[in-house]
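The values are calculated or read from the model by the stated rules, or taken from the named source; none is laboratory data. Because the structure is a prediction, the values reported are computed rather than measured. As a convention, Cβ positions derive from the backbone with ideal geometry for all residues, glycine included, and neighbour counts pool all protein chains shown.
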Amino acid sequence: MRTLNIVNKLKSVSRNPSLLLFYICGKFKYFPTGLIANRFMVDLPIYCINLNNSTTRRSFMKKQVDKAGFNNFQFSEGIDGASLDLYQSIEDGSYNDELAKKYHQRSLHSNEIALSLSHGLIYKKIVRKSQQIALILEDDALFVTKRINNINTTIFPPDWDLIFLSSFLSSTPPKGHIIRNLYTTESWEGSSAAYLISLKGASKLEKVYKPVIHAADGFIGRNMNYRQKHHFKQQGARAKINTYLIFPDSILNGSSVGFWRPTIPFMDHLMKK
């Protein structure tokens, strides 16, 4: 199995040489984050999901935040999948195993359930504090300074609920170009590593994130108000949110580029794309 993993990673690097650079940077825990000049992003409420026992990621994220100069950043204690009682989660309505199997032909991994619930808790915080816009991060996020500086809220459509700053895509560049670096989510395939969310969007998702029947990004994807055909379209949805994406990614998913090791075992397949 170990040999097979090494072979798969070598194949990935041959297709995308930058993965080797990210892997090396990850070994030395270095990423070239710089001071952010975009005042909107600097002053924005930022929530980063992190477990108390994940001290390496927490420490690295703190260094990135200090370099970037974010003024309103906070860690949001995530739910630990290792300590999640699945039977209790079903009993109290936090997770619906029957519906998860209906849409995924399997039960969700405990880490998937925990992460989805962790995102939901942040939606509740945003609504409770009436924050008009916030940034939600997972703790493997990597800040690309120049691209963050290029985020411009004046080009956001009036109806937006959520804008992805990090995305897995079915095609690059993505389809559905709107203006500058803004696109529709026609080519979006996943990732909940980094996204802007409006108060309106958080209010919609806060009402329906439980019981969990999808992983965090799958939950968002299935609640998107797609204007075109998409295999996620309203599959197990309980809301409709208007979504867009920034391309290229302003914030990288560190696990998918090989900087961090994925915390969900079968996420290794992302390295093979």
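Descriptive notes on the structure:
- Of the residues making up the stretch 151-172, those that are exposed (fewer than 12 other Cβ atoms within 10 Å of the Cβ) and either at pLDDT below 95 or assigned to a strand (DSSP E or B) (or both) are S171, T172.
- Single unsatisfied condition, F219 versus (1) more than 22 Å from N50 (Cα to Cα); (2) within 16 Å of the chain's Cα centre (by Cα): (1)
- Residues that are assigned to a loop (DSSP other than H, G, I, E, B), buried (at least 18 other Cβ atoms within 10 Å of the Cβ) and touching a Ser or Thr at 6+ places or on another chain (Cβ under 8 Å) occur in the stretch 200-212; there is at least one.
- Yes/no for S12 being at pLDDT 95 or above and either in a helix (DSSP H, G or I) or surrounded by 14 or more Cβ atoms within 10 Å (Cβ to Cβ) (or both): no
- Residue within the stretch 184-197 that is crowded, with 22+ Cβ neighbours inside 10 Å and among the acidic types (D, E) present: no
- Single residue of the stretch 65-96 satisfying the filter (of a type in the set (D, E) and assigned to a helix (DSSP H, G or I)) that is surrounded by the most Cβ atoms within 10 Å (Cβ to Cβ): D66
- Condition check for D140: of a type in the set (D, E) and under 22 Å from Q74 (Cα atoms): yes
- Taking residues in the stretch 179-204 that are in contact (Cβ under 8 Å) with a residue 40 or more places away in the chain, and partners anywhere that are in a helix (DSSP H, G or I) and aromatic (F, W, Y), the pairs with Cβ atoms closer than 9 Å and at least 6 places apart or on different chains are S192/F219; I197/Y123; G201/Y123; A202/Y123; S203/Y123; K204/Y123.
- Residue count for the stretch 112-144, restricted to those that are in a helix (DSSP H, G or I) and either modelled with pLDDT under 95 or surrounded by fewer than 19 Cβ atoms within 10 Å (Cβ to Cβ) (or both): 6.
- Screening the stretch 255-273 for residues that are of a type outside the set (G, A, S) and not in a helix (DSSP H, G or I) and picking the one that is modelled with the lowest pLDDT gives K273.
- Test for F60: is it closer than 30 Å to F40 by Cβ and assigned to a helix (DSSP H, G or I): yes
- Hits in the stretch 221-254 - residues which are without any contact (Cβ under 8 Å) to a residue 60 or more places away in the chain, crowded, with 24+ Cβ neighbours inside 10 Å and either at positive phi or outside any loop (DSSP other than H, G, I, E, B) (or both): G221
- Selection of the stretch 86-117 for residues being over 17 Å from N223 (Cβ atoms) and small (G, A, S) yields S89, G93, S94, S107, S110, A114.
- Qualifying residue in the stretch 32-42 (condition: more than 26 Å from N150 (Cβ to Cβ) and among the aromatic types (F, W, Y)): no
- Check on A141, in contact with a Lys or Arg (Cβ under 9 Å, 6 or more places away or on another chain) and under 30 Å from S83 (Cα atoms): no
- I24 vs. criteria at pLDDT 95 or above, of a type in the set (V, I, T) and either assigned to a strand (DSSP E or B) or exposed (fewer than 15 other Cβ atoms within 10 Å of the Cβ) (or both): no
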